[in-house]
Amino acid sequence: MRLLLIRHGQTIDNVRGALGTVVPGPPLTELGETQAAAIPGALEGERIDAIYVSTMLRTHLTAAPLAAARGLAPVVVDGLQEIDAGSLEQRNDEDAIRAYMGTIFAWWTDFSARIPGGEDGAEFYGRYDGAIESIARKHAGEPNSTVAIVSHGAAIRAWASFTSQNLDADFSREHPLENTGMVMLEGSPDAGWVTTEWAGEPLGGAQLEDQAAPDPTGEATA
């Protein structure tokens, strides 16, 4: 099957460069709504059999235009939410961003590394893998199915780059994922996953506005 992992549209936390991981989180900004509205046209040529979203509000709002265009009802899957920032929540200072992203990149060699007050690698990959496996099971009899999954910047980067058989730690560090950027994978939980496309910029070309601080979960700030 094919997974279209799509990062949500811009939120006020992205504008501020702040770590925002508490459910349900903020809605989209005006630009975020524009980015979401551009997704259906950008994916017009793609087969999409189902749409899945995380428990966070911004993924629901991002998926809404695509769901309306395809006549599909998005399904909420617990486990697809952003990597928990713990005690770093809502901080946008350099030390906090370095601690957050640095811990995530450390998971390549040490799953026990823990974000202060947040998740370690085993906890994150366990729940994200579980979410993807639950989605794959729903389509077990449809080997050629394609699903859109609207999730989050750090979570998509971490899971896709570590899980994919053809990516490595350096790729993860060097390839950001802007709001409504998309990573496409093919395979299955049993056979494994291969990344076939990493479109780091917004689908449909709705670019980010100038920001007061770099967006920590989309850019390689560690």
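Suppose we filter A68, A36 for residues that are part of a helix (DSSP H, G or I) and surrounded by fewer than 18 Cβ atoms within 10 Å (Cβ to Cβ); which single one remains?
A68
Quick one: which of Y100, Y125 is of a type in the set (F, W, Y) and over 25 Å from E186 (Cβ atoms)?
Just one listed residue meets the conditions, Y100.
So which residues in the stretch 40-60 are open to solvent by 50 Å² or more (accessible area, probe 1.4 Å) and among the basic types (K, R), if there are any at all?
Of everything in the stretch 40-60, just one residue is open to solvent by 50 Å² or more (accessible area, probe 1.4 Å) and among the basic types (K, R), namely R47.
With closer than 13 Å to T21 by Cβ, surrounded by fewer than 18 Cβ atoms within 10 Å (Cβ to Cβ) and either in contact (Cβ under 8 Å) with a residue 12 or more places away in the chain or among the small types (G, A, S) (or both) as the only criterion, which of Q90, Q81 stands out?
The unique qualifying residue is Q90.
Restricting the first residue to the stretch 1-29 and requiring it to be open to solvent by less than 30 Å² (accessible area, probe 1.4 Å) and modelled with pLDDT of 95 or more, which pairs with a second residue that is among the aromatic types (F, W, Y) and not in a loop (DSSP other than H, G, I, E, B) meet a Cβ separation below 7 Å and a spacing of at least six or different chains?
Listed by first residue and then by second, the contacts come to L19/Y100.
Taking D93, is it within 14 Å of the chain's Cα centre (by Cα), acidic (D, E) and over 30 Å from A37 (Cβ atoms)?
So D93 fails the test.
Quick check on this structure: which one of D49, D95 is within 30 Å of S145 (Cα to Cα), modelled with pLDDT of 95 or more and of a type in the set (D, E, K, R)?
The conditions single out D49.
Considering only the stretch 121-133, I want to know if a residue exists there that is in a helix (DSSP H, G or I), at positive phi and modelled with pLDDT of 95 or more.
Looking for residues that are in a helix (DSSP H, G or I), at positive phi and modelled with pLDDT of 95 or more, one finds none in the stretch 121-133, hence no.
Going through the stretch 104-123 one residue at a time, which ones are open to solvent by less than 20 Å² (accessible area, probe 1.4 Å) and of a type in the set (V, I, T)?
I104, I115
Sort out which residues of the stretch 102-158 are of a type in the set (A, V, I, L, M, F, W, C) and without any contact (Cβ under 8 Å) to a residue 40 or more places away in the chain, and write them in order of number.
A106, F111, A113, I115, A122, A140
Given (1) more than 22 Å from P176 (Cα to Cα); (2) in contact with a helix residue (DSSP H, G or I) (Cβ under 9 Å, 6 or more places away or on another chain), identify the lone condition not met by A63.
Every listed condition holds for A63 apart from (1).
Among what's in the stretch 179-198 and is of a type outside the set (V, I, T) and buried (at least 18 other Cβ atoms within 10 Å of the Cβ), pick the residue that is farthest from K138 (Cα to Cα).
Top of the filtered list is N179.
The values are calculated or read from the model by the stated rules, or taken from the named source; none is laboratory data. As the structure is a computational prediction, the values presented were derived from the model and not from experiment. Note that we place each Cβ from the backbone using ideal geometry, even for glycine, and neighbour counts take in every protein chain shown. Only protein heavy atoms, including side chains, enter the accessible area calculation; ligands, DNA and RNA are left aside. Shrake-Rupley method; radii C 1.70, N 1.55, O 1.52, S 1.80 Å.
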